Amino acid sequence: MSDDRKLTYAQAFNEAVSQMMEADPDVFCAGEDIGAFGGVFGTFAGLQAKFGEKRVVDTPISEQAIVGLGVGASVTGLRPIVDLMFMDFICVAFDQIVNQAAKLKYMFGGDATLPMTITTAGGGGLSAAAQHSQSLEALLCHIPGLKVVMPSNPYDMKGLMISCIKENNPTVMIKHKRLLGMSAPVPTEAYGIPLGKGNIIRPGKDVTIVAYARMANEALIAAKELAEDGIDCEIIDPRTLQPLDSDLLIDSAKKTNRVLVAQEAVRFGGLGAEIASQIQELAFDYLDAPVSRIGAPFSPVPFSPALESHYIPDSKSIVKGVRDVMARR
Amino acid sequence: MDFSSAKQFDLHRRMVRIRLFEEAAGRLAEANKLPGFLHLYVGEEAVASGVCGALNDDDHITSTHRGHGHLVAKGGDFNRMMAELMGKSTGYCKGKGGSMHISDTSLGMLGANGIVGAGSPIAVGAAFANKYRGKGQVAVAFFGDGSTNIGAFHEAANMACALHLPIVFACENNEYGEFTPRDKTMAITDVVDRAAGYGMPGVIVDGMDVIAVHEAAVEAVERARQGGGPSMIEAKTYRFYNHHGVQNLGLKYRSDEEVAVWKLRDPIFTFEDRMIENGVATRANFDDIWAELRADIDTAIQFAEDSPYPTPDQILVNVYTSMTGAN
């Protein structure tokens, strides 16, 4: 197979799951509509036909029990992938995620290993309104014991998903709904991308943009426009939000001296706040401007396209954010 | 079912171990020697003992906030349990969990749990893994009457039945959810009425009678082991001490008469009388057993008191499983 074979983001996820299920008989999937139906976003398409009903399990609409299934099966030796259809539904399962999955190992003094992956679909842009569009990653990143991954492209999706499945800790893989159809070259072989390692997706010297998931792609568009005005943006995609590749961010801040963080989530209390705080603590003397943040307004995600298109940050808001950061003297 | 004298002594021993451990823990708590919360299992010993007596070492159980009895009944070690209650580094959880998270995965005991109802979904996961491996292991979810009012329980019971998993739902109905009587929090008298709603059989047993509990457990566990799916056992029982601690600040939510009536049905003493009546044991046998196990408790207290506390450098240990060389 040639190196430039293209897969969509959704297909890259599917191939990672399929290859890991082939490699390890202890890997199984469970979730709502993931069997014959293949998942509401098609990310599990064909897996039940390939691996059977024993290993690709349709569950009741029971998010607490779905995550509990993953907790109990992983702590007794399997390697579950449990799917929560929409990220908003983590709220239904929050006890099992936060009080059980994340804490069992610690509470048991180390006498437990939970190699489980929770997969879900986050982000807005589909007019799915306030209960099917959220970016709640900050809630998860706040919980010791969890790892949180948000890929921005098909290549990272496959590599990060393989690493999530191999990971011996509870990991949350957040697929962005608006990236599912994004197509790009993806190697056919199984490969991992280390969790906790960010990526400089565009090197530059004037300003650092930290952006993940869909915002990383918006940042690339913004950087092109800014380059025409002679502003050379460095874009860092952390890829994993917990653990966060702080060293990469700090090094870039020290180099460019100006930083903008772009997130789709509500700005208040988001990952951008944590990143900005770390940079000012560890690179304060290098900064020529305050670390700035782009994020959604402090409201639920609105339904109407006329509202949602203004609500979710995009390349235009990133361009404006960078110009503001550059204007500081 | 007829049970051998060896099995009767086994069930009796499990109950006495629980009683002695819990009485000792209560005394230590009253002497301010145990940090944190303490939920004692005294009075309910027949349930954990009768059920765990029907399990193999590689079967799994999930527990509740009142979890010491389940760990003892599954074979828990007094020394490590007592050390954990004192927050010592030699405890089951190295001082990270305490009473409410005491566990031993090597015994298949997947943790006491501070969240009411949270153990049942985890037991479903263990049962799923057991069915997946196909080695005949089963899982038991212990839970109280109060936890059948929380969503997680219903999701777990329904999913277990939908997936036809090898699991037993073992309800300890002690008639109180913390300090509130059952009839204020549910409109049914028998929790087992709920079993039919999920499509599983259920039985009510006298939770003060270890043989009755054990008979029901053997049947339910064998059903699960043979591929017959989930079932529920409701054991009618009673906690002799309070929800939390021993006297619990003198709160009066149960009458002295009610407590006294239940204490007349003490699961250990009534069973001892029966074993003597049936010629299975003598009073001297029991005196020896209590003396032997009391010595074990004394040893455990000494072990725990002599053990070091964990050092502050342990705070960040075991948040994650180390993945050195992975990825």
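The values are calculated or read from the model by the stated rules, or taken from the named source; none is laboratory data. Please read these numbers as outputs of a predicted model, since none were measured by experiment. Cβ: placed from backbone, ideal geometry, glycine included. Neighbour counts: every protein chain shown.
General observations
- Residue match in segment B:1-14 (condition: among the aliphatic types (A, V, I, L, M), touching a helix residue (DSSP H, G or I) at 6+ places or on another chain (Cβ under 9 Å) and at pLDDT below 95): yes
- Selection status of residue B:295, more than 30 Å from residue B:221 (Cβ to Cβ), part of a helix (DSSP H, G or I), hydrophobic (A, V, I, L, M, F, W, C) and more than 14 Å from chain A (Cβ to nearest Cβ): yes
- Within segment A:44-61, the residues that satisfy the criterion of being of a type in the set (Gly, Ala, Ser) and more than 23 Å from the chain's Cα centre (by Cα) are A:46, A:49, A:52.
- Given (1) within 10 Å of another protein chain (Cβ to nearest Cβ); (2) under 16 Å from residue B:296 (Cβ atoms), number of the condition residue B:77 does not satisfy: (1)
- Residue satisfying condition, being among the β-branched types (Val, Ile, Thr) and either in a loop (DSSP other than H, G, I, E, B) or within 14 Å of chain A (Cβ to nearest Cβ) (or both), within set B:280, B:213, B:259: B:280
- Within the set B:55, B:71, B:110, the sole residue that is within 9 Å of chain A (Cβ to nearest Cβ) and over 16 Å from residue B:36 (Cα atoms) turns out to be B:110.
- Members of segment B:139-175 found to be among the aromatic types (Phe, Trp, Tyr) and either touching an Asp or Glu at 6+ places or on another chain (Cβ under 8 Å) or facing chain A (nearest Cβ under 7 Å) (or both), listed by number: B:142, B:143
- Segment A:53-96, residues that are part of a helix (DSSP H, G or I), facing chain B (nearest Cβ under 10 Å) and without any contact (Cβ under 8 Å) to a residue 40 or more places away in the chain: A:63, A:64, A:65, A:66, A:68, A:69, A:72, A:75, A:95, A:96
- Qualifying residue in segment B:33-46 (condition: within 22 Å of residue A:110 (Cα to Cα), touching a residue at least 60 places away in the same chain (Cβ under 8 Å), surrounded by fewer than 24 Cβ atoms within 10 Å (Cβ to Cβ) and in contact with an Asp or Glu (Cβ under 7 Å, 6 or more places away or on another chain)): no
- Flag for residue B:300 being free of Cβ contacts under 8 Å to residues at least 24 places away in the same chain, part of a helix (DSSP H, G or I) and either within 27 Å of the chain's Cα centre (by Cα) or surrounded by 14 or more Cβ atoms within 10 Å (Cβ to Cβ) (or both): no
- Sole residue being in a loop (DSSP other than H, G, I, E, B) and either within 8 Å of chain A (Cβ to nearest Cβ) or within 23 Å of residue A:60 (Cβ to Cβ) (or both), chosen from B:136, B:117: B:117
- Strands (runs of 3 or more DSSP E) completely within segment A:101-212 that count 1 or more residues being closer than 21 Å to residue A:7 by Cβ: A:117-122, A:147-149, A:171-176, A:183-185, A:199-202
- Out of A:100, A:19, sole residue that is more than 13 Å from every other protein chain (Cβ to nearest Cβ), at pLDDT 95 or above and more than 20 Å from the chain's Cα centre (by Cα): A:19
- Subset of segment B:29-59 that is touching a helix residue (DSSP H, G or I) at 6+ places or on another chain (Cβ under 7 Å) and assigned to a helix (DSSP H, G or I) - its residue that is farthest from residue B:219 (Cα to Cα): B:45
- Failed item in (1) in contact with a Gly (Cβ under 7 Å, 6 or more places away or on another chain); (2) at the interface with another protein chain (Cβ under 9 Å from one of its Cβ atoms), with residue A:115 passing the rest: (1)
- The condition (being at pLDDT 95 or above and in contact with a His (Cβ under 6 Å, 6 or more places away or on another chain)) is satisfied by just one residue among A:107, A:182, A:161: A:107.
- Sole residue being touching a Phe, Trp or Tyr at 6+ places or on another chain (Cβ under 8 Å), surrounded by fewer than 24 Cβ atoms within 10 Å (Cβ to Cβ) and closer than 18 Å to residue A:93 by Cα, chosen from B:149, B:158: B:158
- Residues of segment B:93-107 that turn out to be within 8 Å of chain A (Cβ to nearest Cβ) and out of contact with any helix residue (DSSP H, G or I) (no Cβ under 6 Å at 6 or more places or on another chain), as a count: 6
- Qualifying residue in segment A:246-267 (condition: over 25 Å from residue B:320 (Cα atoms), surrounded by fewer than 21 Cβ atoms within 10 Å (Cβ to Cβ) and among the hydrophobic types (A, V, I, L, M, F, W, C)): yes
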